[in-house]
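What follows is a set of notes on a single structure, which appears directly below.
The values are calculated or read from the model by the stated rules, or taken from the named source; none is laboratory data. Not measured: the values here are computed from a predicted model. Please note: Cβ atoms are built from the backbone with ideal geometry, for glycine as well, and neighbour counts cover all protein chains shown. Side chains included, ligands, DNA and RNA excluded: accessible areas come from the protein's heavy atoms. Shrake-Rupley method; radii C 1.70, N 1.55, O 1.52, S 1.80 Å.
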Amino acid sequence: MAAQPTLTVTYYTAGDLPEIEPVLLDLYDRIYAEEKAGDEFFTMEAFTGRLHRQAAAPRWGCALGEVDGRPVGYAYGFARTTDYRWGGLIETEPGADLTETDTRTFAFCEIMVLPEFRGTGIARTLHEELMSRRPEERSHLLVEEEHPRVRALYERWGYVRMGIVQHPGSPRYVSMLRPVAL
C-alpha cells in the first residue's frame, strides 16, 4: 500500500516574498492558465502588480502548502487599516459595519490549489492555517458572482454575504465576512 502524501504548510510574511515569489507566480501561472488568456485582469502582469501592492500592506501573510516537498497551493492576505475605504461597493446588506481599525479586518486576497489536489481538503487547511496566524477580528474576501459553488464553499467555512463589489476592469464580486476565529 502506497504511503499517503504529506501536506506541509509554512507561514511567510512580506519579508519572505523575494524567496517565495517565484513559487507563487509559478502556481498562479499554472492555475489561472485559461483565465489569463482571455481576461486582462488575470494576466501575469496584473497579478504580479496586485501581489506586490498587497504584500506592501500591513501584516501581509501567506500560507504555502507543499505535498511531499512539491508546492501545491497557497493563501494570503493583509491587514486593513483605519484609512481603508470600501471602494467599489455597489450594494451592502442591511447593518453591514464598514468601520475599520488597524486590527479589525483581514483582507483575504487569494487562495489557490493545483487542480489535481482540489477536493482533498488542502484549500481549507491553507485557509485555517492562515486564519490561525491572524490577530484581526474578522476576515473579508471577494468571490466572483459567477462562481456560486465557490461562494457555497466559503459559506460552509463560515463566511456570510455583506454586499456586492465591482472595481473598474474587474469582475463583479460577492463580498463576504466571517470572524477570524470560529
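Think of it as helices only: each DSSP H run of n ≥ 4 in the chain is worth -39500 (n - 2.57), and spread over all residues that comes to -8500 deg cm²/dmol at 222 nm.
Of all the Cα-Cα pairs you can form in the chain, what percent are over 25 Å apart? Roughly 33 percent, once rounded to a whole number. Each residue, ALA152 and THR43, gets one label point 7 Å from its Cα in the Cβ direction; the gap between the two is 3.5 nm.
For GLY163, nonlocal amide neighbours, meaning residues 5 or more places apart or on other chains whose placed amide H falls under 5 Å from its own, are GLU93, SER175. The residues packed around LEU89, meaning those with a beta-carbon under 15 Å from its beta-carbon, carry a net charge of -1 if Lys and Arg are +1 and Asp and Glu are -1. The residues of segment 1-147 present an accessible area of 51 Å² per residue when probed at 1.4 Å with all protein chains retained.
Based on the mean of other beta carbon atoms within 10 Å per residue, what is the order of 107-119, 5-17, most packed first?
My ranking of the peptides, most packed first, is 107-119, 5-17.
Here the chain exposes an accessible surface that is 52 percent carbon and sulfur, computed with a 1.4 Å probe and the other protein chains kept in place.
Working note: Karplus 6.51/-1.76/1.60 with θ = phi - 60° gives segment 173-182 the couplings 10, 8, 8, 9, 10, 7, x, 4, 9, 8 Hz, where Gly and Pro are set to x.
Note on the chain: dipole from Cβ charges, positive end direction compared against PRO179, PRO18, ILE122; the farthest Cα belongs to PRO179. Potential lengthening of the chain between THR120 and LEU89 amounts to 7.8 nm, from the contour at 0.36 nm per residue minus the alpha-carbon distance. Against the main long axis of the alpha-carbon atoms of the chain, helix 122-132 sits at an angle near 60°. Under a Cβ-Cβ cut-off of 10 Å, what is the net charge of the residues other than ALA55 that fall near it, where Lys and Arg count +1 and Asp and Glu count -1? Here the count lands on 0.
To the nearest ten degrees, helix 44-55 and the longest principal axis of the Cα atoms of the chain are 70 degrees apart. Here the extension length gained between THR13 and ALA33 equals 4.6 nm, from 0.36 nm per residue of separation less the Cα-Cα distance. Dipole magnitude for segment 109-182: computed about the Cα centre from +1 point charges on Lys and Arg Cβ and -1 point charges on Asp and Glu Cβ, it is near 180 debye.
Dipole magnitude for the chain: computed about the Cα centre from +1 point charges on Lys and Arg Cβ and -1 point charges on Asp and Glu Cβ, it is near 440 debye. Considering only LEU24, LEU98, LEU64, the Gaussian network model of the chain with Cα springs below 10 Å gives its largest mean-square fluctuation to LEU98. Under 5 Å from the amide H of VAL72 lie the amide H atoms of GLY65, GLU66, VAL67, each residue being 5 or more positions distant or on a separate chain, with H modelled from the backbone and absent for Pro and chain starts. The separation of segment 82-109 from segment 120-152, counted between C-alpha centres, amounts to 16 Å.
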